[in-house]
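Visitor: What follows is a single structure, and I will ask about it in a moment.
The values are calculated or read from the model by the stated rules, or taken from the named source; none is laboratory data. The shown structure was predicted, so the numbers you read here are calculated from the model rather than taken from an experiment. With ideal geometry, Cβ positions are generated from the backbone for all residues, glycine too; neighbour counts draw on all protein chains shown.
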Amino acid sequence: MSKYIPTIGLEVHAELRTKTKMFCDCPNNSDEIHPNTNVCPICLGHPGTLPTINKKAVEMVIKLGFALGSEISPNFKFDRKNYFYPDLPKGYQISQFDQPIVKGGQLSGVKINRVHLEEDAAKLLHAPDGRSSLVDFNRGGVPLMELVTEPDIHGIKEASAFVRELQSILRYLEISDADLEKGQMRVDAIISLTYDQRPTTNDQLGTKVEIKNLNSFRAIEEALNYEIERQSQALDSGSEIAQETRGWNDIKKITTSQRSKEQAHDYRYFPEPDLPPLTSDAFDLKAIKLSVPELPAEKRERFQKQYGLQDIQAALLVEERLMAQFFEETVSELEEENDKTASPEQVKLVFNYLTSDLRGLMAELEAGFRDMKITAENFADLIKLIASGGISSRVAKDVLRKMMETGLDPREIVKQEGLEQVSGGEELELMVKKIVEENPNAVADYKKGKTNALQFLVGKAMGALRGRGHPEVLRKLFEEELIK
């Protein structure tokens, strides 16, 4: 066990889902594949152009502030953050310094310092040989929210869990897709080590090192783990930790030094002269607050109480807002049919078929809940058929695939395909006799005490019946037939 205590603060950037960019009317389209298409003189930083504030982006940050229990600043403004880099055509970034939109709040026990709004930089495309780079300005000027935590985190898993929860909240609020792999969400981690004690003030913190642009949950955990080990070894050897910015090399699995860590004065912040200061009174705060939906933590707790789900089941459902919504709509359809609460068995079936079979098909067909042909009403009908014994679990998988392809009601598919479950009558008895005659070796094995042979015979019959046979009825008929 390490004798050093890590202290971690996070800076999380997320691109907002607005129709246009932050300070101009260019489309905000992360799916644009043609470089330098969604650009104009304003986001390209041409001299003499004037920015205008995207009101929707400001409202989105205020909405997040309400979700985090933060204070919405009565007055806020934009500032120029001055630095030169090829992805920043103006030579400065329009951001917020001393008067952000949102202050304070907390998430998962971690205190929030602030949430502010700025414009994203362009995207650099580096040649494989490292000898040249190209700049795509499609991303330049996209509204970018930045959330800064207090140095409240002391564990790697805790840091990763915080980002996951924030990602879920951004998606529930519908203000960002927050896809790390697509660069819609990026994480910087500031880490310091102290010897054998958890610091209670900033003065007790060790030297801070920032790791930039972590773009996956695995990268967050691996980079923090590496940096803790690197700093621990340096301190053990008597070396000093340099205050610097480091990058994560995902191939070599190491952090590498990029530059000395900047202080606020290095950016020479000053108020943006081309944009007016704003007041929160200019926005309908009451309406924005009312638009905040039930958030993931609240929904997980309610799902456990209302539907009797285990914590891991509730967490899986709530992870994606539309999946949680589909689950509730399906259960609601079952309740309306029975005019009472859905049974635990029905809820279990909904959970199992939704999170396993349906999600598997969606992944295979690259379909999402927004464009899926299956309605909650039809999915509930499928669950009723399974629960009542109208179709077997084997047939249910085939019916579900047909539903995905056609959008038809499951009862209609079962009728068209002749897939009703057979649980009695001459058809099953004849099938049992036929399978016994065709598989003398399995019959001999069963009579020698090899019980697996019975399951083999049942499987053969189910296959011949295209899954329509009732497995327990078939098992009983085989047992009766084999003792003759």
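Visitor: Any residue in the range 291-304 that is basic (K, R), within 30 Å of N54 (Cα to Cα) and not assigned by TED's automatic domain parsing to the domain that holds S95? Full working, then the answer.
Guide: Initially, the range 291-304 is screened for residues basic (K, R), giving 299-300, 302.
Keeping just the survivors that are within 30 Å of N54 (Cα to Cα) gives none.
No: the range 291-304 contains no residue that is basic (K, R), within 30 Å of N54 (Cα to Cα) and not assigned by TED's automatic domain parsing to the domain that holds S95.
Visitor: When P89 is evaluated against the numbered criteria (1) at pLDDT below 95; (2) under 30 Å from Q233 (Cα atoms), which criterion, by number, is the only one it fails?
Guide: If we test P89 against (1) at pLDDT below 95; (2) under 30 Å from Q233 (Cα atoms), just (2) comes out false.
Visitor: Next up: So which residues in the range 379-398 are part of a helix (DSSP H, G or I) and either among the hydroxyl-bearing types (S, T, Y) or over 18 Å from S343 (Cα atoms) (or both), if there are any at all? It would help to see each step written out before you state the result.
Guide: Of all residues in the range 379-398, those part of a helix (DSSP H, G or I) come to 379-388, 393-398.
Listed by number, the residues that qualify are S388, S393, R394, V395, A396, K397, D398.
Visitor: Here's something else I'd like to know. What's the total number of residues in the range 52-72 that are touching a Gly at 6+ places or on another chain (Cβ under 9 Å) and under 16 Å from L278 (Cα atoms)?
Guide: 2
Visitor: Which number in (1) more than 19 Å from the chain's Cα centre (by Cα); (2) within 23 Å of P296 (Cβ to Cβ); (3) assigned to a helix (DSSP H, G or I) marks the one condition that M323 misses?
Guide: Of (1) more than 19 Å from the chain's Cα centre (by Cα); (2) within 23 Å of P296 (Cβ to Cβ); (3) assigned to a helix (DSSP H, G or I), only one is false for M323: (1).
Visitor: Need pairs with beta-carbon distance below 7 Å; first residue in the same structural domain as Y92 (by TED's automatic domain parsing) and within the range 43-57, second of a type in the set (S, T, Y); sequence gap 6+ or separate chains.
Guide: Between residues of the range 43-57 that are in the same structural domain as Y92 (by TED's automatic domain parsing) and residues that are of a type in the set (S, T, Y), the close pairs are N54/T18; N54/T20; K56/T18; A57/T18.
Visitor: To continue, here is another question. Mind checking which residues of the range 129-149 are under 23 Å from the mean Cα position of the chain (by Cα) and in a loop (DSSP other than H, G, I, E, B)?
Guide: Residues satisfying the conditions are R139, V142.
Visitor: If you don't mind, another one. Being surrounded by fewer than 13 Cβ atoms within 10 Å (Cβ to Cβ) and either farther than 23 Å from F66 by Cα or not charged (D, E, K, R) (or both) is the filter here; which residues of the range 277-292 pass it?
Guide: Going residue by residue through the range 277-292, those that are surrounded by fewer than 13 Cβ atoms within 10 Å (Cβ to Cβ) are 277, 279, 281-282, 284, 286-287, 290.
Answer for the range 277-292, where residues must be surrounded by fewer than 13 Cβ atoms within 10 Å (Cβ to Cβ) and either farther than 23 Å from F66 by Cα or not charged (D, E, K, R) (or both): P277, T279, A282, A287, L290.
Visitor: Mind listing whichever residues of the range 150-161 are outside any helix (DSSP H, G or I) and β-branched (V, I, T)? Write out each step before concluding.
Guide: Our first condition is that a residue be outside any helix (DSSP H, G or I); within the range 150-161, this holds for 150-155.
Within the range 150-161, just I153 meets the criteria.
Visitor: Out of all the residues in the range 234-282, which are part of a loop (DSSP other than H, G, I, E, B) and either within 30 Å of K56 (Cα to Cα) or among the hydroxyl-bearing types (S, T, Y) (or both)?
Guide: Residues satisfying the conditions are S237, S239, R268, Y269, E272, P273, D274, L275, P276, P277.
Visitor: Can you report the number of residues in the range 268-313 which are of a type in the set (K, R), free of Cβ contacts under 8 Å to residues at least 40 places away in the same chain and within 18 Å of S73 (Cα to Cα)? Don't jump to the end; show me each part of the working.
Guide: To start, the set of residues in the range 268-313 that are of a type in the set (K, R) comprises 268, 286, 289, 299-300, 302, 305.
From what is left, the residues that are free of Cβ contacts under 8 Å to residues at least 40 places away in the same chain are 286, 299-300, 302, 305.
Narrowing the set further to residues that are within 18 Å of S73 (Cα to Cα) leaves 286.
So the count comes out to 1.
Visitor: Shifting gears a bit: Within the range 83-142, count every residue that is of a type in the set (A, V, I, L, M) and exposed (fewer than 15 other Cβ atoms within 10 Å of the Cβ).
Guide: Residues that pass the stated criteria total 4.
Visitor: For T7, indicate whether it is farther than 25 Å from L134 by Cα, assigned to a loop (DSSP other than H, G, I, E, B) and of a type in the set (V, I, T).
Guide: When the stated conditions are applied, T7 does not pass them.
Visitor: Please go through the range 187-232 and pick out each residue that is closer than 13 Å to I8 by Cβ, of a type in the set (G, A, S) and within 32 Å of the chain's Cα centre (by Cα). Quick ask: steps written out before the conclusion?
Guide: Keep residues of the range 187-232 that are closer than 13 Å to I8 by Cβ, which gives 187-194, 198-199, 205-206, 208-211, 214, 220-221, 223-225, 227-228, 231.
Within this subset, residues satisfying the condition of being of a type in the set (G, A, S) are 189, 192, 206, 223.
The answer is A189, S192, A223.
Visitor: Now for a separate question. Could you tell me which numbered condition R218 fails, if it satisfies all but one of (1) in a strand (DSSP E or B); (2) basic (K, R); (3) at pLDDT 95 or above?
Guide: (1)
Visitor: Look at A342 and say whether it is modelled with pLDDT under 95 and within 30 Å of E244 (Cβ to Cβ).
Guide: No.
Visitor: Same structure, new question: Take the conditions touching a helix residue (DSSP H, G or I) at 6+ places or on another chain (Cβ under 9 Å), more than 19 Å from L64 (Cα to Cα) and touching a residue at least 24 places away in the same chain (Cβ under 8 Å) and apply them to K157. Does it pass?
Guide: Yes: the conditions hold for K157.
Visitor: Where the second residue is not in a strand (DSSP E or B) and the first is free of Cβ contacts under 8 Å to residues at least 40 places away in the same chain and lies in the range 66-80, which pairs have Cβ atoms under 7 Å and are six or more apart or on separate chains?
Guide: Pairs that qualify, where the first residue is free of Cβ contacts under 8 Å to residues at least 40 places away in the same chain and the partner is not in a strand (DSSP E or B), are G69/G105; E71/G104.
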